[in-house]
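Enquirer: Just passing along the structure, written as structure tokens.
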Amino acid sequence: MLFLTPFALLYLLLWAVPVVNGLFLSTTDVNVADGTGGFVGLDNYLGLARDSDFRAAFGHTLLFVVLNVPILIAVGLILALVLNRDLSGRNMLRAAFVSPYLLPGAAVALIWNLVLNPVNGSLNTVLERVGLPTQQWLTQPGEAMGAVVLLTLWWRVGFPLLILLAALQDIPKPLYEAARIDGASAWQQFRYVTLPGIAPVLGLVILLRLIDSFKVFEQVYLLTAGGPSGSTRVVLQMLYETGFRDFRTGYAAAIGWVLALVILVVAVAQQLLTRRAANNG
């Protein structure tokens, strides 16, 4: 207990106290610009239930999660399976796929603004040269979210790739040899050897990507600023604008708490489904 005391004190100071303070703040209508406001109880939460802007922002966030997480996990797993083989230049390819994950969001947004610029972007230039129609990647409501998902895939795929690759390398090779001797096909080896071997790590990666995707903000704000016509405005952008532009701190805190509760529910549900699948398997 003596050794744990310094950590426990720092934990209470840097995490527990701000959490409790934020929860209390969400029950007020405090304006940080002039210090006015007071206790309003659950009015902020009731206001969110009626707020069409919040419903739209939550819908955009949910759309991003639904699009981003399956693609990110699938591509990361496929790349991990490919790069787990004995290929020439394997280490260089691993570094090439993982290195974007180390870039800051501002640099990623700058790069992809150059790539997706509808006038002189490199992607439209390539499409034009091969005879395909160019796209308004960042200025059309139907395409802007797809552009954000594409950016996030390039930026974040290195994390599931790295973790799943480590999990694949921990699967004992004799299991594959025994499966081949028994006549198992490549698909059967993947289904009955690879998937069970990486299932716990895969569940963890899915959970972390779900949490990260619900907290999407940086790439959206820097790439599209929530546009066009608000079609990519997500919950954290609304929280940021409410708290730091409109100075409605209590309402912003309520937005944060609702998002935190949604993430908690999704995380618990995902863990329960993973455990049930493991038990059934």
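Enquirer: Give just the number: which of (1) at positive phi; (2) open to solvent by 20 Å² or more (accessible area, probe 1.4 Å); (3) not acidic (Asp, Glu) does Ile206 not satisfy?
Expert: Failed condition: (1).
Enquirer: Now a separate question. Taking the condition of being under 20 Å from the mean Cα position of the chain (by Cα) and in a loop (DSSP other than H, G, I, E, B), how many residues in region 247-275 meet it?
Expert: Count: 0.
Enquirer: Determine the pairs where a residue that is free of Cβ contacts under 8 Å to residues at least 60 places away in the same chain, located within region 246-272, has a partner that is of a type in the set (Ser, Thr, Tyr) with Cβ atoms under 7 Å apart, the partner being 6 or more residues away or on another chain.
Expert: Ala252/Thr242
Enquirer: Still on this model: Checking Ala144 against (1) small (Gly, Ala, Ser); (2) surrounded by 18 or more Cβ atoms within 10 Å (Cβ to Cβ); (3) without any contact (Cβ under 8 Å) to a residue 60 or more places away in the chain, only one condition comes out false. Which one?
Expert: Single failed check for Ala144: (3).
Enquirer: Being within 28 Å of Thr274 (Cβ to Cβ), basic (Lys, Arg) and in contact (Cβ under 8 Å) with a residue 60 or more places away in the chain: is that true of Arg156 here?
Expert: Answer is yes for this residue.
Enquirer: Pairs only if they're at least six apart or on different chains, beta carbon under 7 angstrom, first in region 74-90 and within 15 Å of Leu195 (Cα to Cα), second loosely packed, with under 12 Cβ neighbours inside 10 Å; list them, first residue then second.
Expert: Asn84/Gln169
Enquirer: Another question, if that's okay. So is Ala225 in contact with a Ser or Thr (Cβ under 9 Å, 6 or more places away or on another chain) and either open to solvent by 40 Å² or more (accessible area, probe 1.4 Å) or more than 28 Å from Leu81 (Cβ to Cβ) (or both) or not?
Expert: yes
Enquirer: Same structure, new question: Do we have Tyr192 as under 30 Å from Asp34 (Cβ atoms) and surrounded by 14 or more Cβ atoms within 10 Å (Cβ to Cβ) here?
Expert: No, not satisfied.
Enquirer: Tally the residues that are part of a helix (DSSP H, G or I) and either open to solvent by 20 Å² or more (accessible area, probe 1.4 Å) or charged (D, E, K, R) (or both), restricting the search to region 43-53.
Expert: 7
The values are calculated or read from the model by the stated rules, or taken from the named source; none is laboratory data. Not measured: the values here are computed from a predicted model. Cβ: placed from backbone, ideal geometry, glycine included. Neighbour counts: every protein chain shown. When the accessible area is computed, the model is the full protein with side chains, heavy atoms only, and any ligands, DNA or RNA have been set aside. Shrake-Rupley method; radii C 1.70, N 1.55, O 1.52, S 1.80 Å.
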